[in-house]
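The values are calculated or read from the model by the stated rules, or taken from the named source; none is laboratory data. This structure is a prediction, so every number in the text was calculated from the model and none was measured. Note: ideal-geometry Cβ built from the backbone for every residue, glycine included; neighbour counts use all protein chains shown.
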Amino acid sequence: MSTKNIILTGFMGTGKSTLGRRLAARLGFRFVDTDLLIEERIGQTIADLFATQGEAAFRRLETDLAKELADQSGLVIATGGGLVLNPLNVKILQQSGLILCLTATPEEILERISRQQHIRPLLQDPAPLNKIRELLAQRDSCYQQFPQVSTSGQNHEQLLGALLRKIHEEDRG
Ligand code: S3P
């Protein structure tokens, strides 16, 4: 495989971290989750950071981290769902590897994030399904610029297979 890094992006709850971990293990790459690394470094959850310093502070940390990771190789990087909304981050990461976008329906996204412990500040809304639909619509053109892999209705092993096929397809150009 010629690509240095594999970058998984996509909306919250599309399985970037779960699949990214498995993909890294399969490829013998190191797995990095940008949200977790930021939380580890600042000693605060992202929800707390949003509450105390605002979203802009978090977005600055994302860009710093994108630059740092782009200088490395052999990584599977799961980005936070909003990292690729900044074209500068896309440019930086695109130079370092292949960016793939995972997708899921709004209903699946809600179902998955409801089962998870960590709080998504952008989805703290009395009508979360509507909020997911609204954000997906706003972000659609951004996510569409990347090759897509649907995570609907398949088990982890099937998804990993689909992801590997997509990577080889893209790698061959
Ligand atoms: C965000 C997604 C989250 C996290 C933050 C903002 C977004 O990551 O970075 O809450 O803007 O889509 P996940 O996609 O891992 O949930």
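Here is how the numbers come out for the structure above:
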{"read-out": "Residue check for I77: near the ligand (Cβ under 10 Å from one of its atoms) and at pLDDT 95 or above", "value": "no"}
{"read-out": "Search result, residues across region 129-166 that are of a type in the set (D, E, K, R) and either out of contact with any Asp or Glu (no Cβ under 7 Å at 6 or more places or on another chain) or within 25 Å of A24 (Cα to Cα) (or both)", "value": "R133, E134, R139, D140, E157, R165, K166"}
{"read-out": "Cβ-Cβ under 8 Å pairs, at least 6 apart or on other chains, region 6-20 side more than 9 Å from G80 (Cα to Cα), far side assigned to a loop (DSSP other than H, G, I, E, B) and more than 10 Å from the ligand (Cβ to nearest atom)", "value": "I6/F29; I7/S96; G13/A104; T14/A104; T14/T151; G15/A104; G15/T151; L19/T151"}
{"read-out": "Condition check for E68: more than 16 Å from the chain's Cα centre (by Cα), over 25 Å from L159 (Cβ atoms) and within 13 Å of the ligand (Cβ to nearest atom)", "value": "no"}
{"read-out": "Qualifying residue in region 81-104 (condition: of a type in the set (K, R), away from the ligand (no atom under 15 Å from the Cβ) and out of contact with any Phe, Trp or Tyr (no Cβ under 7 Å at 6 or more places or on another chain))", "value": "yes"}
{"read-out": "Selection count where residues are in contact with a strand residue (DSSP E or B) (Cβ under 9 Å, 6 or more places away or on another chain) and small (G, A, S), scope region 103-122", "value": "1"}
{"read-out": "R139, sole failed condition from (1) at pLDDT 95 or above; (2) farther than 20 Å from F50 by Cβ", "value": "(2)"}
{"read-out": "Flag for T9 being touching a Phe, Trp or Tyr at 6+ places or on another chain (Cβ under 8 Å) and within 13 Å of the ligand (Cβ to nearest atom)", "value": "yes"}
